[in-house]
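Written out below as structure tokens is the structure these notes cover.
The values are calculated or read from the model by the stated rules, or taken from the named source; none is laboratory data. If you're wondering where the values come from, they're calculated on a predicted model, not measured in any experiment. FYI the Cβ positions are ideal-geometry reconstructions off the backbone, even for glycines, and counts take in every protein chain you see. Heads up: the accessible areas ignore ligands, DNA and RNA and are worked out on the full protein's heavy atoms, side chains in. Shrake-Rupley method; radii C 1.70, N 1.55, O 1.52, S 1.80 Å.
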Amino acid sequence: MKKIIALCCLAAISLIKLYAQEIYRFSLKDNLGKDVSLSEFKGKTLLIVNTATRCGFTPQYNDLEAIYEKYRDQGFEIIDIPCNQFGAQAPGTINEIHSFCTTNFNIQFPQFDKIDVNGDNEHPLYTYLKAQQPFRGFDLDDNLGKSLDEMIRNQDAEYAKSSSIKWNFTKFLISKDGRVLKRYEPTDKMAEIETDLQIELNPALTNMMARRSIRKYLDQPVEHEKLMTVVKCGINAPSGMNRQPWIIRVVEDQKLIADVNEVFKKANPDQVNRDPGFKNMFRNAPNIICVATPADGSGQLDAGLLGENMMLAAQALGLGTCCLGGPVRFLTSSPDAKFFIDALDIPDGYSLCYILAIGYPDECPEQKPRDASKVKFIK
């Protein structure tokens, strides 16, 4: 059964990877009329842009060239595709357009022949891009976003309901493995695009952004060497005055986990019965990492930094984690679970702070929204 589950998980991952490769099946004609397959850009981060030379957004060529020069040596390419569908603002031949862009903006990134991005004759690449990242609206707190919304809404009151490209200089960010990561409307700030680009180009930042709390795990214990690596990364987190005011206990003993789980099930039958997939109180993880801090409440900040390092290290090793507080409350309040606390051998003066569930993920949860409005830069 374990092998079947593992094979199913691998098959699902393979399908996701294959689907991500779809973008490399498309081809474009370059400015010389030669067919170029996007497979030539495999392994590179791409920004695909529909452009125009007589648009109010045309000066964005300066910004595009600036980020191209800054990141091209890190595996970044811009795919510039002129389109004449918006106000007929990309007139002329591709040779004339290319000459205009090189003369006025000194662009060095690849430029391709004109295509349609909407309608009956739209290029299949854009059918795919729009399906992956539909229109999510303009930023109405931005004056340009508000103006563009009003202009297009006057032409089509229902325009926001479709995934169509709305105007020139709409952009799509493509990951190194072919996933369509994000869509940017022409009014979106280049600083936001550059931030996302830096994350995609930097493996450490990519790993950080990919971490999710995992609540479903394969029935497969984590190798001892990987647990050691995770903990080593944890204890190298910052610690005030290098006090390191935490105690770490990594539980690999499957019987110990099973025994304390029986105590939990007896004490919480309703909760267990509500969850048909229930295996254990630690989100069904095969291993756990218990972190204790001084009972007087000090050391919790350091323990938080320790935990974040361990979770990011686990992510980099292909493992999943979830930081748990509920099991701590149960273990420290249930007399029948004392044998588990005793087995952890936590010194006097310390108490459990949190428990990390850790194991091989059996799910791929989507990222949950983050509230950027809580961030303010004081300049």
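In region 39-52, what residues are over 19 Å from N118 (Cβ atoms) and either buried (at least 19 other Cβ atoms within 10 Å of the Cβ) or not small (G, A, S) (or both)?
Here is the first cut: in region 39-52, the residues over 19 Å from N118 (Cβ atoms) are 39-47.
Residues satisfying the conditions are E40, F41, K42, K44, T45, L46, L47.
So, in region 92-119, exactly how many residues are part of a loop (DSSP other than H, G, I, E, B), of a type outside the set (S, T, N, Q) and out of contact with any Lys or Arg (no Cβ under 6 Å at 6 or more places or on another chain)? Walk me through it before giving the result.
Residues of region 92-119 part of a loop (DSSP other than H, G, I, E, B): 92-93, 106-110, 113-115, 117-119.
Adding the requirement that they be of a type outside the set (S, T, N, Q) leaves 92, 107, 109-110, 113-115, 117, 119.
When the remaining residues are screened for being out of contact with any Lys or Arg (no Cβ under 6 Å at 6 or more places or on another chain), the result is 92, 107, 109-110, 114-115, 117, 119.
Looking only at that region, the number is 8.
For region 278-379, give me every one of the strands (runs of 3 or more DSSP E) that falls completely inside it and has 2 or more residues that are open to solvent by less than 10 Å² (accessible area, probe 1.4 Å) and among the β-branched types (V, I, T). If you could, list the steps in order and put the result at the bottom.
On the way: elements: 287-294, 320-324, 350-359.
Answer list for region 278-379: 287-294, 350-359.
Would you confirm, using the coordinates I've provided, whether F278 is at pLDDT below 95, over 25 Å from the mean Cα position of the chain (by Cα) and among the aromatic types (F, W, Y)? Quick ask: steps written out before the conclusion?
Numbers: at pLDDT below 95: yes; over 25 Å from the mean Cα position of the chain (by Cα): yes; among the aromatic types (F, W, Y): yes.
Considered against the rule, which asks whether it is at pLDDT below 95, over 25 Å from the mean Cα position of the chain (by Cα) and among the aromatic types (F, W, Y), F278 comes out as yes.
Can you say whether L46 is touching a strand residue (DSSP E or B) at 6+ places or on another chain (Cβ under 8 Å), closer than 25 Å to G145 by Cα and assigned to a helix (DSSP H, G or I), as far as the supplied structure shows? Don't jump to the end; show me each part of the working.
On the way: touching a strand residue (DSSP E or B) at 6+ places or on another chain (Cβ under 8 Å): yes; closer than 25 Å to G145 by Cα: yes; assigned to a helix (DSSP H, G or I): no.
Answer is no for this residue.
Quick one: count up the residues across region 72-91 that are in contact with an Asp or Glu (Cβ under 8 Å, 6 or more places away or on another chain) and either open to solvent by 50 Å² or more (accessible area, probe 1.4 Å) or not in a strand (DSSP E or B) (or both).
So the count comes out to 2.
Residues checked against (1) over 28 Å from F135 (Cα atoms); (2) surrounded by 18 or more Cβ atoms within 10 Å (Cβ to Cβ):
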site	(1), (2)
A191	no, no
L197	no, yes
R211	no, no
P245	yes, yes
R249	yes, no
I257	yes, yes
F264	yes, yes
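Pairs needed: first member in region 361-379, under 25 Å from Y217 (Cβ atoms); second member anywhere, open to solvent by less than 100 Å² (accessible area, probe 1.4 Å); C-beta distance under 6 Å; at least 6 residues apart or different chains.
Pairs that qualify, where the first residue is under 25 Å from Y217 (Cβ atoms) and the partner is open to solvent by less than 100 Å² (accessible area, probe 1.4 Å), are P361/I214; P361/G320; D362/Y217; D362/L218; P365/R212.
Specify which of the listed residues (L129, L144) is crowded, with 20+ Cβ neighbours inside 10 Å and either of a type outside the set (S, T, N, Q) or touching a Gly at 6+ places or on another chain (Cβ under 8 Å) (or both). Please lay out each step first, then the result.
Working: L144 fails: crowded, with 20+ Cβ neighbours inside 10 Å.
Of the residues listed, the single one that is crowded, with 20+ Cβ neighbours inside 10 Å and either of a type outside the set (S, T, N, Q) or touching a Gly at 6+ places or on another chain (Cβ under 8 Å) (or both) is L129.
Going by the structure shown, is E185 among the acidic types (D, E) and open to solvent by less than 20 Å² (accessible area, probe 1.4 Å)? I'd like the intermediate steps shown before the answer.
On the way: among the acidic types (D, E): yes; open to solvent by less than 20 Å² (accessible area, probe 1.4 Å): yes.
Yes; evaluated as a whole, the condition is true for this residue.
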